[in-house]
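The values are calculated or read from the model by the stated rules, or taken from the named source; none is laboratory data. It should be emphasised that the depicted structure is a prediction, and the values quoted were computed from it without experimental measurement. FYI the Cβ positions are ideal-geometry reconstructions off the backbone, even for glycines, and counts take in every protein chain you see. For accessibility, only protein heavy atoms count, side chains too; no ligands or nucleic acids. Shrake-Rupley method; radii C 1.70, N 1.55, O 1.52, S 1.80 Å.
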Amino acid sequence: MVDMGLVTREQIDAIQADAEAAGEGLLDTLVKQGQLDAGMVTTAKATYFGVESVPLADIRLADDVIASIPRHIAKKYNAVPVGLGEGTVAVALSDPSDIEAIDGLQVALGKTVELRVASAADIEAALIKYYGGAGRDDGGIARMIQDITEGEVEVSALDANMGADGTVVEADAPIIKLVNQIIVDAFKTRASDIHLEPMAKRFRVRYRIDGMLIEQRDPPKRLQAPIIARLKIQSGMNIAEKRIPQDGRIQANVGGKTIDLRVSCLPTQHGESIVMRILDKEGLKLGLAELGFFADDQQTFERLIGLPDGILLVTGPTGSGKTTTLYSCLNYINRPDRKIITVEDPVEYMLAGINQVQVHELIGFTFAHALRSMLRQSPNVIMLGEIRDLETATIAINASLTGHLVFSTLHTNDAPGAVTRLIDIGIKPFLVASATRCLMAQRLVRRICKSCGAPHVLDEQEMRSLNITPDLVTGATPRKGKGCPTCNKTGCKGRFGLFEVFTINDEARKMIFDRAPSNVLRSRAREMGMRTLREDGLRKVLAGLTTVDEVVRATVVDH
């Protein structure tokens with residue numbers, strides 16, 4: 001824009017501090033202050049990126065053009081289709097440098113995307129005009145429950161309105177209102193867990209948001225006992241028993257949306273600690289692209305999960321998104337001509353068209369028992385929540401060798417480590433080699449906030465921590481969030497995955513059969529093209545999707 005004479009370097013220098021203070025980009029601040037108009041910015045973007053600008057407000061788009069991009073995809077990527085060709089679709093975006101959106105559109109549509117540029121305001125107006133509703137779909141849950149009051153939370157539980165002393169209490173009693181508000185606030189802030197922790201002189205409440213624990217306002221210490229008693233009653237626990245750990249579940253209806261809370265109670269030095277995992281049964285509508293795959297890894301993975309038989313294992317620690325990945329795989333291959341059965345403990349999300357089985361250890365209905373029974377149901381695809389013991393592993397391996405496609409998870413640190421884990425459990429190496437199709441390790445990192453993310457120059461320490469050389473940074477677009485109200489001043493909003501995909505080929509099978517050590521297998525896998533978690537993280541830092549700190553926190557150094 002300086003080269004085009006639309007703005008001077010002095011003007012940019014003058015508003016630099018204002019832009020940083022507001023957590024905005026330079027162009028946004030220039031437009032807001034009236035030194036530029038949106039049309040100038042759009043023209044400059046089109047010139048810089050060598051693409052055509054489109055005056056969306058002045059044209060009428062045909063119905064077949066609009067139909068080329070489904071409503072949820074258009075709103076997700078803030079994109080408007082403006083033309084169709086053979087195997088191509090012309091799409092107007094406000095930010096032509098948004099590689100993630102362009103890549104996501106191409107994968108979602110299965111067509112080549114021809115880029116056009118339009119102003120953000122024109123795209124917002126076109127989305128409303130042609131698709132209805134607000135432009136961006138971000139924060140839909142938050143908007144839906146924006147005005148929720150305590151009375152709009154319905155809790156389904158045995159004796160839900162019974163007090164700690166066995167007396168019936170009114171639904172608007174202060175403790176009930178307070179507990180309901182804790183659940184509502186957690187749901188509003190996209191929390192995955194609620195932690196209520198008794199301390200010596202305080203009763204601490206924390207929400208886990210995007211993997212990070214954030215402290216909330218503490219309830220008075222004197223309310224600790226009645227709050228814990230209320231939650232234990234709701235989740236069907238024994239309130240008189242305070243010496244041993246207990247587990248329970250609460251089903252809540254928040255603003256017409258059903259959520260499950262998996263509740264764990266643990267006796268501690270200063271009282272019982274309660275952790276509630278929030279499971280939004282209707283909220284899982286993820287495709288593989290949304291998980292964080294780049295196009296090359298996604299194509300490899302789509303080919304692998306489309307195989308007719310074999311076993312695919314997703315590995316990683318607790319909370320690394322393994323179950324979400326498996327659900328997304330099932331969603332991708334779910335067709336009327338396939339019978340899919342899952343065995344889970346517990347069933348976390350409801351998937352249409354899939355038979356989901358809940359394990360009940362207390363009555364002897366274990367993973368192994370369920371797996372043996374479901375094989376008589378003639379399934380094509382089986383998902384096991386987790387391989388925990390030799391019996392379950394043996395049945396799963398045998399099922400994969402008899403024409404079934406089996407998905408499951410393991411707790412290992414990397415993808416090749418899953419081979420060692422299976423052999424340690426007791427599976428013979430030749431069975432592991434024959435059955436395994438793919439081993440994938442994953443971790444979750446926070447995504448840079450789209451509202452306040454700005455270009456970022458990597459400093460020496462950041463480059464050293466990921467072993468980044470200056471030539472790698474050439475042409476890259478690293479970014480960092482400045483912090484804004486949208487992301488609660490964190491600079492990050494949402495999470496996505498880093499992936500280590502180990503495809504088992506003939507050479508890998510021979511190494512597994514020969515009981516090659518895990519480190520040798522890992523080294524050879526990298527030579528055969530496996531990208532490690534840290535290498536995948538580096539790609540995503542250079543693409544401006546996450547930060548160096550996030551990748552360093554989630555992965556270990558490659559050797």
inquiry  = Taking the criterion of being aromatic (Phe, Trp, Tyr), out of contact with any helix residue (DSSP H, G or I) (no Cβ under 6 Å at 6 or more places or on another chain) and either within 28 Å of Asp210 (Cβ to Cβ) or at pLDDT below 90 (or both), would at least one residue in region 311-330 satisfy it?
reply    = yes
Of all residues in region 40-65 being touching a helix residue (DSSP H, G or I) at 6+ places or on another chain (Cβ under 6 Å) and open to solvent by less than 20 Å² (accessible area, probe 1.4 Å), the one that is modelled with the highest pLDDT = Leu56
request  = Could you tell me whether Tyr332 is open to solvent by 10 Å² or more (accessible area, probe 1.4 Å) and aromatic (Phe, Trp, Tyr)?
outcome  = yes
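Please go through region 366-388 and pick out each residue that is open to solvent by less than 50 Å² (accessible area, probe 1.4 Å) and more than 22 Å from Ala418 (Cα to Cα).
So in region 366-388, the residues open to solvent by less than 50 Å² (accessible area, probe 1.4 Å) come out as 366-368, 370-371, 373-374, 379, 381-387.
Passing the criteria: Thr366, Ala370, Ser373, Met374, Pro379.
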query = Given (1) in a loop (DSSP other than H, G, I, E, B); (2) under 25 Å from Arg249 (Cβ atoms); (3) open to solvent by 10 Å² or more (accessible area, probe 1.4 Å), where does Leu362 come up short, assuming only one miss?
reply = (1)
inquiry  = Could you list, ordered by first residue, the pairs with Cβ atoms under 7 Å in which the first is in region 445-462 and within 8 Å of Cys492 (Cα to Cα) and the second is in a loop (DSSP other than H, G, I, E, B) and at pLDDT 90 or above, at least 6 apart or interchain?
reply    = Arg446/Thr546; Arg447/Leu545; Arg447/Thr546; Ile448/Gly544; Ile448/Leu545; Ile448/Thr546; Ile448/Thr547
inquiry  = Consider region 209-221. How many of its residues are at pLDDT below 85 and either out of contact with any strand residue (DSSP E or B) (no Cβ under 8 Å at 6 or more places or on another chain) or in a strand (DSSP E or B) (or both)?
reply    = 0
task = Could you tell me which numbered condition Cys449 fails, if it satisfies all but one of (1) under 24 Å from Gly529 (Cβ atoms); (2) open to solvent by less than 40 Å² (accessible area, probe 1.4 Å)?
result = (1)
message = From the list Asp337, Asp247, exactly one residue is free of Cβ contacts under 8 Å to residues at least 24 places away in the same chain, in a strand (DSSP E or B) and not small (Gly, Ala, Ser). Which is it?
response = Asp247
query = Residues of region 187-209 being touching a Lys or Arg at 6+ places or on another chain (Cβ under 8 Å) and open to solvent by 60 Å² or more (accessible area, probe 1.4 Å), which ones?
reply = Lys201, Arg202
inquiry  = From the list Thr342, Thr300, Thr325, exactly one residue is in a helix (DSSP H, G or I) and open to solvent by less than 10 Å² (accessible area, probe 1.4 Å). Which is it?
reply    = Thr325
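If you scan region 9-25, which residues turn out to be modelled with pLDDT of 75 or more and either open to solvent by 60 Å² or more (accessible area, probe 1.4 Å) or in contact with a His (Cβ under 9 Å, 6 or more places away or on another chain) (or both)?
Going residue by residue through region 9-25, those that are modelled with pLDDT of 75 or more are 9-16.
Residues satisfying the conditions are Arg9, Glu10, Asp13, Ala14, Gln16.
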key: Within region 255-295, tally of residues that are at pLDDT below 85 and in a helix (DSSP H, G or I)   = 4
message = I need the full set of residues from region 308-322 which are part of a loop (DSSP other than H, G, I, E, B), touching a Leu at 6+ places or on another chain (Cβ under 8 Å) and either of a type in the set (Gly, Ala, Ser) or open to solvent by less than 50 Å² (accessible area, probe 1.4 Å) (or both), in order please.
response = Asp309, Gly319, Ser320, Gly321
inquiry  = Looking at the structure I just gave you, is Asn355 modelled with pLDDT of 90 or more and either open to solvent by 60 Å² or more (accessible area, probe 1.4 Å) or under 18 Å from the mean Cα position of the chain (by Cα) (or both)?
reply    = yes
message = Report every pair of residues separated by at least 6 positions or lying on different chains whose Cβ atoms are under 8 Å apart, first residue within region 113-134 and under 13 Å from Thr42 (Cβ atoms) and at pLDDT 85 or above, second open to solvent by 30 Å² or more (accessible area, probe 1.4 Å) and part of a strand (DSSP E or B).
response = Arg116/Glu52; Arg116/Ser53; Arg116/Val82; Val117/Glu52; Val117/Ser53; Ala118/Ser53
